[in-house]
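See structure below.
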Amino acid sequence: MNNRELGRIGEEAAVRHIVSRGMKPLARNFRFGRLGEIDIIAQDGNTLCFIEVKARRGDRYGTPAEAVSAVKRKTIMKVAQAYIIRHGIHDMPLRFDVMEIYMGPDGEIQSIEHIKGAF
């Protein structure tokens, strides 16, 4: 399984996870030009959440959340700003989350950790 497939499976699991907890997905893979993309945009009550999904087979190179670098966080914030402007969102609390998806060698989900307010 290549990294693209690993990511796709991880994002599918993340969407199922947030839906099972009452969150409402609004967008997936929201891209703003060449600036970058946000994996999942969802609503949690009255809070707009921008979620970065990181799927890994292990933590030999650090946890999935540790893979969300300062540069990636800055990119996510800029793309989030574009989403907010494009959709005319005002006076809504925002949150930036990371979903850590650990997978087994055959692509089975071993665990999901939803880190709310990760940055």
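The table below lists the values:
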quantity: Qualifying position, being basic (Lys, Arg), surrounded by fewer than 17 Cβ atoms within 10 Å (Cβ to Cβ), assigned to a helix (DSSP H, G or I) and out of contact with any helix residue (DSSP H, G or I) (no Cβ under 6 Å at 6 or more places or on another chain), among Arg31, Arg4; calculated: Arg4
quantity: Residue count for the stretch 1-23, restricted to those that are of a type outside the set (Lys, Arg), free of Cβ contacts under 8 Å to residues at least 24 places away in the same chain and farther than 21 Å from Thr75 by Cα; calculated: 5
quantity: Qualifying residue in the stretch 45-54 (condition: among the polar types (S, T, N, Q) and crowded, with 16+ Cβ neighbours inside 10 Å); calculated: no
quantity: Selection count, the stretch 96-119, where residues are within 15 Å of Glu12 (Cβ to Cβ) and part of a loop (DSSP other than H, G, I, E, B); calculated: 2
quantity: The stretch 93-119, residues that are in contact with a His (Cβ under 7 Å, 6 or more places away or on another chain) and more than 16 Å from Gly62 (Cα to Cα); calculated: Asp97, His114
quantity: The stretch 74-85, subset touching a strand residue (DSSP E or B) at 6+ places or on another chain (Cβ under 8 Å) and more than 15 Å from Thr47 (Cα to Cα), residue surrounded by the most Cβ atoms within 10 Å (Cβ to Cβ); calculated: Ile76
quantity: Failed criterion for Ala65 (all others in (1) closer than 20 Å to Gly10 by Cα; (2) at pLDDT 95 or above; (3) of a type outside the set (S, T, N, Q) hold); calculated: (2)
quantity: Members of the stretch 43-95 found to be assigned to a loop (DSSP other than H, G, I, E, B), more than 25 Å from Gln110 (Cα to Cα) and in contact with a Pro (Cβ under 8 Å, 6 or more places away or on another chain), listed by number; calculated: Asn46
quantity: The stretch 24-47 residues that are more than 20 Å from Arg4 (Cα to Cα) and among the basic types (Lys, Arg), paired with ones that are modelled with pLDDT of 95 or more and in a strand (DSSP E or B) (beta carbon under 7 Å, 6 or more apart); calculated: Lys24/Ala42; Lys24/Gln43
quantity: Condition broken by Pro25, with the remaining ones in (1) part of a strand (DSSP E or B); (2) in contact with an Asp or Glu (Cβ under 9 Å, 6 or more places away or on another chain) satisfied; calculated: (2)
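Listed here are the residues, each with its yes/no results for (1) out of contact with any strand residue (DSSP E or B) (no Cβ under 7 Å at 6 or more places or on another chain); (2) among the aliphatic types (A, V, I, L, M); (3) within 16 Å of Asn46 (Cα to Cα); (4) touching a residue at least 24 places away in the same chain (Cβ under 8 Å).
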site: Ile89; (1), (2), (3), (4): no, yes, yes, yes
site: Pro93; (1), (2), (3), (4): no, no, yes, yes
site: Gly104; (1), (2), (3), (4): no, no, no, yes
site: Gln110; (1), (2), (3), (4): no, no, no, no
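The values are calculated or read from the model by the stated rules, or taken from the named source; none is laboratory data. Everything quoted here is computed from the prediction, not taken from an experiment. Neighbour counts are summed over all protein chains in view; Cβ atoms, including those assigned to glycine, are modelled from backbone coordinates with ideal geometry.
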